[in-house]
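Structure first, commentary second.
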Amino acid sequence: MAMDLNLLPLLLAVAEERNFRTAADRMGVTRSAVSQSIRRLEDQLGTALVLRTTRSVRLTEAGAALVGALQAPLTEIGGALEAAGAQERPRGHLRLTATSIAEPFLSGPLLAAFVQRHPHVTVDVTVTDEEFDIVAHGFDAGVRLGEVIEKDMIAVPVGRDQQERAAASPAYLARHGAPAHPRELVDHPCIGWRRAPELAPHRWEFVENDQPFDVAVQPGFTTNDLRLMIRMALAGAGITFAPEDCLREHFDDGSLVPLLDTFLPPFPGFFLYFPQRRNMAPKLRALVDHVRRFGDPRDAVAQSARGAPVS
């Protein structure tokens, strides 16, 4: 039998309200529409479902049996909907990718505070400097410098503006002296970074009199590992070039010396980015909110050292 299932919610409303007008108001239709719908349902079934008088509405035996049969699965559906609503609590597996130089994100406190706050979310972070489509590769979000993020992505800043710094060890400077201008770097052994073996080393970018320029240093040592670059500089192998966050502890303890500071102004830093979604997964929304709330991870490190909460 072909049955118009759209009529069943109206029957349930009448059964619960015991009043056609109240049922109509609840369903957002006219009283006449409710009455006609019940009559159509009765005609399709070939039996009366509702007894109507000027003063009351009650179900027939057949009507009560049908309503009872409908309410059982609706109770199960309600439970399923409630469970689905519970999914609004952040849970599940969150796949992230971040560039190796994203120190504000990778330093530890930000991610540690997130997993402590959301124990039902498991986090997998792939650290890579390869640039790719995060959606096509199955990632929920990525962390990169703002200048390399596609324009169709939503981007949320992670930490403060960044600043590239040139640095060398005191032992190196004692042997070779310090360059006074970035163009003198071509006369120094440099420790460079490249994203992949088939690509040229990254050009070192500077600003003079508000005009940007870059220097194509010829590194005697090149790697795609930022930590190795810093270790080589600490060992006196030459001058390296990296984000200040990655060098700060070595500047503070004197094991590396900053160079050419006046040619290296701040620039927009790292961003958590993800595709625009109408209904964002709770696990990703939780991360976005956490990044916004967390502020600058460098401040959090200082707070943690003083015994203050990091989040």
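The values are calculated or read from the model by the stated rules, or taken from the named source; none is laboratory data. Everything quoted here is computed from the prediction, not taken from an experiment. Counting neighbours? That spans all protein chains shown, and the Cβs are built from the backbone with ideal geometry, glycine included. Quick note on the areas: whole protein, heavy atoms, side chains included, nothing else; ligands and nucleic acids left out. Shrake-Rupley method; radii C 1.70, N 1.55, O 1.52, S 1.80 Å.
Among (1) open to solvent by 30 Å² or more (accessible area, probe 1.4 Å); (2) within 49 Å of the chain's Cα centre (by Cα), where does Val67 come up short?
Unmet for Val67, out of (1) open to solvent by 30 Å² or more (accessible area, probe 1.4 Å); (2) within 49 Å of the chain's Cα centre (by Cα): (1).
If you scan the range 31-48, which residues turn out to be out of contact with any Asp or Glu (no Cβ under 8 Å at 6 or more places or on another chain) and not in a loop (DSSP other than H, G, I, E, B)?
The answer is Arg31, Ser32, Ala33, Val34, Ser35, Gln36, Ser37, Ile38, Arg39, Glu42, Asp43, Leu45.
Quick one: is Asp133 at pLDDT 85 or above and open to solvent by 50 Å² or more (accessible area, probe 1.4 Å)?
yes
Mind counting the residues in the range 4-30 that are part of a loop (DSSP other than H, G, I, E, B) and within 13 Å of Leu49 (Cβ to Cβ)?
Selection size over the range 4-30: 0.
Where in the range 151-248 are there strands (runs of 3 or more DSSP E), lying fully within it, with 2 or more residues that are at pLDDT 90 or above, surrounded by 19 or more Cβ atoms within 10 Å (Cβ to Cβ) and touching a Ser or Thr at 6+ places or on another chain (Cβ under 8 Å)?
164-168, 190-193
Name the residues in the range 96-125 that are open to solvent by 50 Å² or more (accessible area, probe 1.4 Å) and either part of a helix (DSSP H, G or I) or not assigned by the TED database to the domain that holds Arg144 (or both), would you?
Residues satisfying the conditions are Glu103, Val115, Gln116, Arg117.
Inspect all residues belonging to the range 36-45 and state whether any of them is modelled with pLDDT under 85, farther than 18 Å from His290 by Cβ and open to solvent by less than 70 Å² (accessible area, probe 1.4 Å).
No, there is no match, as no residue in the range 36-45 is modelled with pLDDT under 85, farther than 18 Å from His290 by Cβ and open to solvent by less than 70 Å² (accessible area, probe 1.4 Å).
Could you please give the count of residues in the range 126-150 that are in a loop (DSSP other than H, G, I, E, B) and of a type outside the set (Ser, Thr, Tyr)? Walk me through how you get there before you give the answer.
Just the residues of the range 126-150 that are in a loop (DSSP other than H, G, I, E, B), to begin with: 128-140, 149-150.
Checking the rest, the ones that are also of a type outside the set (Ser, Thr, Tyr) come to 129-140, 149-150.
Number of matching residues: 14.
Given the condition among the polar types (S, T, N, Q) and under 19 Å from Ala178 (Cα atoms), answer yes or no: does some residue in the range 222-231 qualify?
The answer is no, given that none of the residues of the range 222-231 is among the polar types (S, T, N, Q) and under 19 Å from Ala178 (Cα atoms).
From the list Arg285, Arg278, pick out the single residue that is more than 24 Å from Asp129 (Cα to Cα), at pLDDT 90 or above and open to solvent by 50 Å² or more (accessible area, probe 1.4 Å).
Answer to the check: Arg285.
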